[in-house]
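K.L.:
There's a structure below that I have some questions on.
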Amino acid sequence: MGLILTPKPSQTRALNRSMIQAFDVMRMSKADMLDHLSEMIDSNPFVSADRATHDLGTFCPPCDFQEGPEVSCDTRVSLYHHVSEQLPLILSSKAEVEIALALLAEIEPSGWLGKPVKAVARNAGYDEAQCERVLHHLQTLEPAGLFARDLRDCLRLQAIDRGLLDDLMDQLITHLDDLLEFDLQKLAKRLHADPRDVARCLQHIRRMDPKPGTRFQYDEALLRDCDAILTIVDRELLIELNRSSFPRVRLTLSPMSQSGDDLSHSSQLGELVNSAKSFKAALDLRSSTTLAVIKAIFVRQRDFPTKGYAALRPMRMSEVADDIGVSEATVSRILTGLMLQCPQGNIALRSLFCAPVMYRGQPRTKHVALQIIRKAIAREDKRAPLSDTEIFRILSEAGLDLSRRTVTKYRQSIGLSAPALRRKHAELSMLLLQQRSPD
């Protein structure tokens, strides 16, 4: 008969508790983890938290800063950063700031609000009337026109900001589409106005910016405290975890609690000590694994901090998981909501993962294609905008292997309108440019 070794029940319970605790903590969001930490501190006298700001710095290997094809840096200020700096000047409560951030998450590259206020309120669980009040405050931000609901709203906000919104200006903005169909005399007659006054208003409208958000770098990441910070020091990358997201827990064990004899007389005290140790181990594992994931990402993406998204190399979560010896599911859980502050601004680390796109026979990412699309549309004849088929041909000639449908998806993802709409906007701009006030 063979010998069967059975672990002691106490060892089995401790092992299970540690594993379950670690699994639960790894799945927690930042808010859930902080709530759990607060509960542990209140309920367990052996748990306390360190109040320091940053921790766990590490250097990545030296970076290769060689120039790559089609790579350039966008040095404009982030739209999110610009808006956030002004929020304390116009909002007075934490609830208003939370609503403002929910609205900010829906802002488009043009600077317009991408969803109706009703939808934002419903999705975020806020009162619609309060959201409208916060939006009114946000629409006072500089430059005028930010957080507009549409083109008319954008022009109207700029007219208000410049003191130009009279009845005639309001009528012209309301009937903006009619400007393509009427000449100056007919338009003045339709509005029962003097042609000189109509021409004056048209000149003011022509000088307005229909997309004030394009002055800034568009950042898809929602502005909030970052979970980690990446800086460049002597051509090396220094990564630090924000202690507010990854707090360090200390165990305050008394001599009595460390004594096995004493614990034998107090099973409840022993449970508290074991719980505190398991919780500390779980948080330490969460921090060390997160740091390992970030480090593995930037071993592969060394050019990103200095050259931006166009310099990204194809990368999958399974590759990072293999690099550090964990499962792909663990990497995915760690990256959920994880934000990084770096020279490129505040970014979601998930945004650095891209499938390969063949460019001149080499695997690159979609960001090379996005940059070529932006350049092509910026240089196009506004009276005859490039169709998606023509953009597809330009990308093919540049060495990119993409489908026609993918080109359309990429164009839409960076906030660029379809060719018919771009032509309509160009015709409207030309019409406004041709209007002159009679001498």
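The values are calculated or read from the model by the stated rules, or taken from the named source; none is laboratory data. Given the structure is predicted, the values throughout are model-derived calculations rather than measurements. So basically every Cβ, Gly included, is an ideal-geometry build from the backbone, and we count neighbours across all protein chains shown.
Here is a yes/no grid of residues against (1) crowded, with 17+ Cβ neighbours inside 10 Å; (2) aromatic (Phe, Trp, Tyr); (3) touching a helix residue (DSSP H, G or I) at 6+ places or on another chain (Cβ under 7 Å); (4) over 20 Å from Glu108 (Cα atoms):
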| site | (1), (2), (3), (4) |
| --- | --- |
| Gly361 | no, no, no, yes |
| Leu386 | yes, no, yes, yes |
| Ser396 | no, no, no, yes |
| Arg405 | no, no, no, yes |
| Arg411 | yes, no, yes, no |
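K.L.:
Could I ask something else about it? Go through segment 312-413 and tell me which helices (runs of 4 or more DSSP H), entirely inside it, have 2 or more residues that are at pLDDT 85 or above and assigned by TED's automatic domain parsing to the domain that holds Gln301.
P.N.:
The helices (runs of 4 or more DSSP H) meeting that bar are 317-324, 328-335.
K.L.:
Hey, can you tell me all the residues within segment 102-134 that are buried (at least 18 other Cβ atoms within 10 Å of the Cβ) and either outside any loop (DSSP other than H, G, I, E, B) or aromatic (Phe, Trp, Tyr) (or both)?
P.N.:
Matches in segment 102-134: Ala102, Leu103, Leu104, Ile107, Trp112, Leu113, Val117, Val120, Ala121, Tyr126, Cys131, Val134.
K.L.:
Looking at segment 282-292, can you tell me whether even one residue there is closer than 30 Å to Arg250 by Cβ and touching a Phe, Trp or Tyr at 6+ places or on another chain (Cβ under 6 Å)?
P.N.:
yes
K.L.:
Being under 16 Å from Leu421 (Cβ atoms) and in contact with an Asp or Glu (Cβ under 8 Å, 6 or more places away or on another chain) is the filter here; which residues of segment 363-391 pass it?
P.N.:
Correct list: Arg383, Leu386.
K.L.:
List, please: which pairs have Cβ atoms under 7 Å, are six or more places apart or on different chains, and start with a residue in segment 85-107 that is in the same structural domain as Ala129 (by TED's automatic domain parsing) and without any contact (Cβ under 8 Å) to a residue 24 or more places away in the chain and end with one that is part of a helix (DSSP H, G or I) and among the small types (Gly, Ala, Ser)?
P.N.:
Leu87/Ala100
K.L.:
Every residue in segment 160-179 that is surrounded by 14 or more Cβ atoms within 10 Å (Cβ to Cβ), part of a helix (DSSP H, G or I) and more than 34 Å from the chain's Cα centre (by Cα), please.
P.N.:
Answer for segment 160-179, where residues must be surrounded by 14 or more Cβ atoms within 10 Å (Cβ to Cβ), part of a helix (DSSP H, G or I) and more than 34 Å from the chain's Cα centre (by Cα): Leu168, Met169, Asp170, Gln171, Leu172, Asp178, Leu179.
K.L.:
Which of the residues that make up segment 284-338 are of a type in the set (Ser, Thr, Tyr) and touching a Ser or Thr at 6+ places or on another chain (Cβ under 8 Å)?
P.N.:
Residues satisfying the conditions are Thr289, Tyr309, Thr330, Thr336.
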